[in-house]
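A.B. asks: I'd like to ask some things about the structure below.
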Amino acid sequence: MPQNRRQFLSAASGFVVASALLPRTSFGQRKKPTRIVLLGTRGGPKVEPASRNNASTLIVINDVPYVVDCGYGTSKQLLRAGVALNRLRYIFVTHNHSDHNLDFGPLLYNAWITGLPIKIDAYGPPGLIDMSRSFFEYAKLDIDIRIKDEGRADPRKLVFTHELEQAGTVLTNDDVKISACLVPHPPILHAYAYRFDAHDRSVVISGDTAYAPALAEFAKGVDVLVHEVMYLPAVEALVRRLPNATRLREHLLASHTLPEDVGKIAAAANVKTLVLSHFVPGDDQTITDEQWSADVRKHFKGQVVVGKDLMEI
């Protein structure tokens, strides 16, 4: 999108889009500004009462919600963000770890049970079709009863699941082009970052990834990069307390990105705003915002946002 079609003004809550520059639809109506809301910013599968929520990001493009990842509690977080579940239209799963997909089936169900017919397209790595099918089989008794007794449409005919075998363009419509990039997150082979190029903003969600120069190329010039981050001193303290410490440490170091390397990616991509999310460890309340971001700033001189649940960028 040409730069003269967009203008961004810094504000305490993030960006304000100059509405006079927004393109019009074919009916002469102005497209609505793109919103980014961090529904859950915690890395890892644990659920803690005083911790961040599990991973999920909401992007609203021309008033249509797109959800990236469905960690536990995504349905509730969408409601807290003011998005009715029956508005859900698109779901994207970065990879098949439970902190990214545990609420996938329940989110489909909760959208359906609102009482209105829905159509949802879900995109993600291989295994997503089986996950959808298995959830509906798990909930079959309840679903069949409600179809008969409450006159509901069959949700199994309203959900369309698409598996991604490789990187490339995922979806293009009148409002956005969405692309996927493979990122390293061993031992998982199909882990994706997603890029959203909308009429007024471009956004990349890194998913879970080790340091990946290819991700910098994929995110080149975007307005907002939402990137995972791992704080090594807290990880070292964590593994000292765990019986599976050695193996866990090996996995975390091979699969996630240290703050300094996040800064390198953001600088190489020349992004306007870097948002830190999917914090590892995600339940250590002693880590300050400055500790999360200090090493990032060694390499990246743009705006750095330390994400919080329900923060709008």
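The values are calculated or read from the model by the stated rules, or taken from the named source; none is laboratory data. Keep in mind the model is a prediction, meaning the values are calculated, not measured. Here the Cβ positions follow ideal geometry from the backbone for every residue, glycine too, while neighbour counts run over all protein chains shown.
A.B. asks: Taking E137 as the residue in question, decide whether it is in contact with a Leu (Cβ under 6 Å, 6 or more places away or on another chain) and either at positive phi or of a type outside the set (A, V, I, L, M, F, W, C) (or both).
C.D. replies: Details: in contact with a Leu (Cβ under 6 Å, 6 or more places away or on another chain): no; either at positive phi or of a type outside the set (A, V, I, L, M, F, W, C) (or both): yes.
For E137, the condition - in contact with a Leu (Cβ under 6 Å, 6 or more places away or on another chain) and either at positive phi or of a type outside the set (A, V, I, L, M, F, W, C) (or both) - is not met.
A.B. asks: Something else about it: For segment 275-298, what are the residues that are touching a Gly at 6+ places or on another chain (Cβ under 7 Å) and closer than 15 Å to M230 by Cβ?
C.D. replies: The first filter runs over segment 275-298 and keeps only residues touching a Gly at 6+ places or on another chain (Cβ under 7 Å), leaving 275-282, 295-298.
L276, S277, H278, F279, V280, P281, G282, D295, V296, listed by residue number.
A.B. asks: From the set of residues in segment 252-261 that are assigned to a helix (DSSP H, G or I) and in contact (Cβ under 8 Å) with a residue 60 or more places away in the chain, which is surrounded by the fewest Cβ atoms within 10 Å (Cβ to Cβ)?
C.D. replies: So the residue we want is A254.
A.B. asks: When you look at L128, is it touching a residue at least 40 places away in the same chain (Cβ under 8 Å) and in contact with a helix residue (DSSP H, G or I) (Cβ under 9 Å, 6 or more places away or on another chain), yes or no?
C.D. replies: The answer is no for L128.
A.B. asks: Name the single residue, out of those in segment 172-196 being under 13 Å from A210 (Cα atoms) and small (G, A, S), that is surrounded by the most Cβ atoms within 10 Å (Cβ to Cβ).
C.D. replies: Restricting attention to segment 172-196, the residues satisfying the condition of being under 13 Å from A210 (Cα atoms) are 182-189, 191-193.
Subsequent filtering for residues that are small (G, A, S) retains 191, 193.
Working: A191: 24, A193: 28.
That would be A193.
Results for (1) more than 28 Å from R35 (Cα to Cα); (2) part of a strand (DSSP E or B); (3) at pLDDT 95 or above, shown as yes or no for each residue.
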residue	(1), (2), (3)
P126	yes, no, yes
A153	yes, no, no
R156	yes, no, no
Q166	no, no, no
S179	no, yes, yes
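A.B. asks: Please find, within segment 204-247, the residue that is modelled with the lowest pLDDT out of those that are of a type in the set (A, V, I, L, M, F, W, C), surrounded by fewer than 16 Cβ atoms within 10 Å (Cβ to Cβ) and assigned to a helix (DSSP H, G or I). Please lay out each step first, then the result.
C.D. replies: Going residue by residue through segment 204-247, those that are of a type in the set (A, V, I, L, M, F, W, C) are 204-205, 210, 212, 214-216, 218-219, 222, 224-226, 229-230, 232, 234-235, 237-239, 242, 245.
If we keep only those that are surrounded by fewer than 16 Cβ atoms within 10 Å (Cβ to Cβ) too, we end up with 214, 237, 242, 245.
Those left that are additionally assigned to a helix (DSSP H, G or I): 214, 237, 245.
On the way: A214: 97, A237: 88, A245: 77.
Among them, the one singled out is A245.
A.B. asks: F135: more than 19 Å from the chain's Cα centre (by Cα) and not in a helix (DSSP H, G or I), yes or no? If you could, list the steps in order and put the result at the bottom.
C.D. replies: Values: more than 19 Å from the chain's Cα centre (by Cα): yes; not in a helix (DSSP H, G or I): no.
Answer is no for this residue.
A.B. asks: Still on this model: If I go through segment 55-85 residue by residue, how many of them are aliphatic (A, V, I, L, M), under 16 Å from T114 (Cα atoms) and buried (at least 24 other Cβ atoms within 10 Å of the Cβ)?
C.D. replies: Step one: of segment 55-85, the residues aliphatic (A, V, I, L, M) are 55, 58-61, 64, 67-68, 78-79, 81, 83-85.
Restricting the remaining residues to those that are under 16 Å from T114 (Cα atoms) gives 78-79, 83-85.
Retained after the next criterion (residues that are buried (at least 24 other Cβ atoms within 10 Å of the Cβ)): 78.
Total satisfying the criteria: 1.
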